[in-house]
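Here is the structure we will look at, set down as structure tokens.
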Amino acid sequence: MDPLAALRRPDDPACDVYLTGTVFLDIIFTGLDAAPVRGTESWARGMGSSPGGVANMAAALARLGLRTSLAAAFGDDMYGDYCRDSLERGEGIDLSMSHTVPGWHSPVTVSMAYEGERTMVSHGHVAPPRDPALEGDRECPPRARACVASLVPGEPQEWVATAAGRGSLVFAGVGWDDSGRWDLAALPELGHCEAFLPNAAEAMRYTRTECPLRAARALAERVPLAVVTLGADGAYVADGRTGETARVPAIAVEALDTTGAGDVFTAGFLTGTLAGWPLEDRLAFAGLTAALSVQEFGGSLSAPGWPEVGAWYEGVRQYTLSPEAAAAAGQDPEALRRYAFLDALLPRCGRPGPLRRAVPTIGFRRA
């Protein structure tokens with residue numbers, strides 16, 4: 001399904017969303033009864049491998065039908081070959097802005113999920129920059145409807161202003177501020193952003209508030225759309241242009257692995273924004289895609305496509321029609337009715353073949 005089909009014009013950019021960042025090979029262990037204890041051996045009941053890092057966002061966008069371009073470095077090892085093949089051939093992501101670095105090994109993250117949380121160990125080295133001579137006449141960043149940035153306090157990213165100047169809507173997240181300053185002035189790229197999507201803890205620290213809803217409204221004074229994720233309590237958005245706000249509770253699911261859930265949430269919200277959906281629908285869809293993703297291994301290959309969204313919606317129709325069935329399943333029929341906007345979308349959905357999922361190995365030999 002192409003969620004932007006009705007909006008496309010002949011002079012549109014070839015790229016819907018541009019991203020840049022580091023691709024990791026993620027190795028995920030699930031089914032641990034507790035955190036690993038020093039001096040002991042722990043056995044996991046489940047394991048998966050998949051591209052991670054910025055690949056989580058790229059795959060989530062591509063699986064929702066957006067034309068996605070990723071600029072990243074890939075090692076010339078087997079991990080790098082696996083990640084590149086998974087993204088380019090498996091997900092249809094444009095990697096023409098990416099490059100392979102001879103002699104550079106791929107970054108790796110090992111994630112251990114237990115008790116609804118996860119612990120990660122990563123290893124890698126900064127990739128050498130790409131030779132500008134290899135760019136030729138291509139624009140980088142390319143002209144795109146949107147781009148996604150991960151802001152780092154005190155580390156300016158000039159490409160964000162360039163992308164915004166070329167007409168891209170910038171959607172930005174931010175990591176934990178290890179300096180402890182939590183100073184919005186250290187994020188100058190916010191001035192070029194369409195949407196800022198921190199979690200509740202980050203939003204409250206940056207705004208010096210004790211309520212995530214107040215934090216969102218404060219951030220909306222600096223960026224058009226401030227979206228604050230509230231974990232199990234859902235998400236809240238404030239529109240700085242119109243003053244509109246919306247809050248949508250989370251969908252109750254049993255999480256297998258939360259890796260990449262925030263990236264999938266952002267991809268869902270970005271998709272709805274580019275498609276011009278009402279604010280509450282965008283937020284509900286973002287929460288739905290994130291909820292579906294945590295029921296699979298890994299970040300990138302856990303992202304749902306439209307068939308998964310459709311299958312979920314077919315399953316919940318019975319709950320909206322039968323309060324008794326909803327109560328038995330622990331679902332709120334009123335809450336599920338907010339997804340009725342999917343009725344107009346899902347008849348058009350479809351994607352050939354099943355989606356790739358994370359498996360314990362990085363690949364089997366082909367006969």
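The values are calculated or read from the model by the stated rules, or taken from the named source; none is laboratory data. Note that this is a predicted model, so its numbers are computed, not measured. FYI the Cβ positions are ideal-geometry reconstructions off the backbone, even for glycines, and counts take in every protein chain you see.
What the table below lists for this structure:
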item	result
For V37: the one exception among (1) free of Cβ contacts under 8 Å to residues at least 12 places away in the same chain; (2) in a loop (DSSP other than H, G, I, E, B); (3) under 26 Å from T162 (Cα atoms)	(3)
Among residues of region 351-365, those that are under 21 Å from the mean Cα position of the chain (by Cα) and at pLDDT below 75, counted	2
Residue satisfying condition, being at pLDDT 95 or above, assigned to a strand (DSSP E or B) and in contact with an Asp or Glu (Cβ under 9 Å, 6 or more places away or on another chain), within set L70, L61	L70
Residues that are under 16 Å from the mean Cα position of the chain (by Cα) and in a loop (DSSP other than H, G, I, E, B), drawn from region 141-177	G175
Flag if L336 is touching a Phe, Trp or Tyr at 6+ places or on another chain (Cβ under 7 Å), of a type in the set (A, V, I, L, M, F, W, C) and at pLDDT below 75	yes
Contacts under 6 angstrom Cβ, first residue in region 93-121 being within 13 Å of Y79 (Cα to Cα) and in contact (Cβ under 8 Å) with a residue 12 or more places away in the chain, partner of a type in the set (A, V, I, L, M) and assigned to a loop (DSSP other than H, G, I, E, B), 6 or more apart	V101/A127; W104/A127
Test: residue in region 1-24 that is over 21 Å from Q157 (Cβ atoms) and touching a strand residue (DSSP E or B) at 6+ places or on another chain (Cβ under 6 Å)	no
Sole exception among (1) aliphatic (A, V, I, L, M); (2) within 21 Å of D94 (Cα to Cα); (3) not assigned by TED's automatic domain parsing to the domain that holds G276 for V37, by number	(2)
Enumerated helices (runs of 4 or more DSSP H) restricted to region 219-330, each holding at least 2 residues that are not charged (D, E, K, R) and not assigned by TED's automatic domain parsing to the domain that holds T209	306-321, 323-328
Residues located in region 194-217, provided they are in a loop (DSSP other than H, G, I, E, B) and touching a residue at least 60 places away in the same chain (Cβ under 8 Å)	E194, L197
Condition check for G90: on the phi > 0 side of the Ramachandran plot and at pLDDT below 95	no
Qualifying position, being touching a Lys or Arg at 6+ places or on another chain (Cβ under 9 Å) and either polar (S, T, N, Q) or not assigned by TED's automatic domain parsing to the domain that holds A267 (or both), among H99, H105	H99
From S168, S179, S150, residue being among the hydroxyl-bearing types (S, T, Y) and surrounded by fewer than 16 Cβ atoms within 10 Å (Cβ to Cβ)	S179
Restricting region 1-45 to residues that are surrounded by 16 or more Cβ atoms within 10 Å (Cβ to Cβ) and among the polar types (S, T, N, Q), the residue that is modelled with the lowest pLDDT	T30
Residue within region 81-98 that is β-branched (V, I, T), within 26 Å of G268 (Cα to Cα) and not in a loop (DSSP other than H, G, I, E, B) present	no
Residue pairs meeting the criteria (Cβ under 8 Å; at least 6 apart or on separate chains; first assigned by TED's automatic domain parsing to the domain that holds L151 and farther than 16 Å from A215 by Cα, in region 179-193; second in a loop (DSSP other than H, G, I, E, B) and modelled with pLDDT of 95 or more)	G191/R222; C193/V223; C193/P224
